[in-house]
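J.: The structure follows.
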Amino acid sequence: QVQLVESGGGLVQPGGSLRFSCAASGFTFSAYVMRWYRQAPGLERELVASISPDGSPTYPSSMKGRFTISRENAKNTVNLHMNSLKPEDTAVYYCNARLPFGNYWGQGTQVTVSS
């Protein structure tokens with residue numbers, strides 16, 4: 001049974017940093033691209049970053065510069081580090097795995113950027 005469990009997130013002031021993780025189980029983690037998405041209130045879910053099985057990151061142009069995705073295949077975890085946070089980064093952040101047998105999501109972790 002595939003499980004994606006996010007941890008971290010929380011409340012941070014503008015300009016601050018956050019790091020959170022996703023622990024994966026139930027599939028061969030090291031064989032698949034992993035992704036982070038976010039969804040702000042009233043908006044569609046959008047891609048934040050993706051990382052290949054060998055650790056090569058890809059970012060949409062709108063996300064380049066402030067986000068860093070990484071993975072630890074030995075620990076079945078994928079991480080997202082965010083810096084220079086802005087109020088518009090406030091959203092629920094989701095870990096995602098697109099597998100041959102389904103598209104899986106974590107439960108999400110709330111990030112609130114506010115003074």
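J.: For SER7, indicate whether it is more than 23 Å from PHE101 (Cα to Cα), out of contact with any helix residue (DSSP H, G or I) (no Cβ under 7 Å at 6 or more places or on another chain) and in contact (Cβ under 8 Å) with a residue 40 or more places away in the chain.
T.: Values: more than 23 Å from PHE101 (Cα to Cα): yes; out of contact with any helix residue (DSSP H, G or I) (no Cβ under 7 Å at 6 or more places or on another chain): yes; in contact (Cβ under 8 Å) with a residue 40 or more places away in the chain: yes.
So SER7 fits the description; yes.
J.: Looking for whichever is farther than 19 Å from SER17 by Cβ, in contact (Cβ under 8 Å) with a residue 60 or more places away in the chain and in contact with a Gly (Cβ under 9 Å, 6 or more places away or on another chain) here; the options are ASN96, ASN83, ASN79. Which one fits? Give the derivation first.
T.: On the way: ASN83 fails: farther than 19 Å from SER17 by Cβ; ASN79 fails: farther than 19 Å from SER17 by Cβ.
The conditions single out ASN96.
J.: If we scan the stretch 29-43, do we find a residue that is exposed (fewer than 14 other Cβ atoms within 10 Å of the Cβ), over 24 Å from SER114 (Cβ atoms) and of a type in the set (D, E, K, R)?
T.: Scanning the stretch 29-43 turns up no residue that is exposed (fewer than 14 other Cβ atoms within 10 Å of the Cβ), over 24 Å from SER114 (Cβ atoms) and of a type in the set (D, E, K, R).
J.: Tally time: how many residues in the stretch 64-115 are assigned to a strand (DSSP E or B), closer than 22 Å to GLY42 by Cβ and hydroxyl-bearing (Ser, Thr, Tyr)?
T.: 4
J.: Anything in the stretch 44-86 that is open to solvent by less than 70 Å² (accessible area, probe 1.4 Å) and small (Gly, Ala, Ser)? List them, or say none.
T.: If the condition is that a residue be open to solvent by less than 70 Å² (accessible area, probe 1.4 Å) and small (Gly, Ala, Ser), then ALA49, SER50, SER52, GLY55, SER56, SER70, SER84 are the ones that fit.
J.: For the stretch 24-63, which residues satisfy the criterion of being modelled with pLDDT of 95 or more and assigned to a helix (DSSP H, G or I)?
T.: Passing the criteria: PHE29, SER30, ALA31.
J.: Within the stretch 9-23, which residues are in a loop (DSSP other than H, G, I, E, B), in contact with a Ser or Thr (Cβ under 8 Å, 6 or more places away or on another chain) and open to solvent by less than 50 Å² (accessible area, probe 1.4 Å)?
T.: Across the stretch 9-23, the qualifying residue is only GLY9.
J.: Would you call TYR104 in contact (Cβ under 8 Å) with a residue 24 or more places away in the chain and surrounded by 16 or more Cβ atoms within 10 Å (Cβ to Cβ)?
T.: yes
The values are calculated or read from the model by the stated rules, or taken from the named source; none is laboratory data. The shown structure was predicted, so the numbers you read here are calculated from the model rather than taken from an experiment. Positions of Cβ are generated from backbone atoms using ideal geometry, with glycine treated the same way; all protein chains shown enter the neighbour counts. All accessible areas refer to the heavy atoms of the entire protein, side chains included, with ligands and DNA or RNA removed. Shrake-Rupley method; radii C 1.70, N 1.55, O 1.52, S 1.80 Å.
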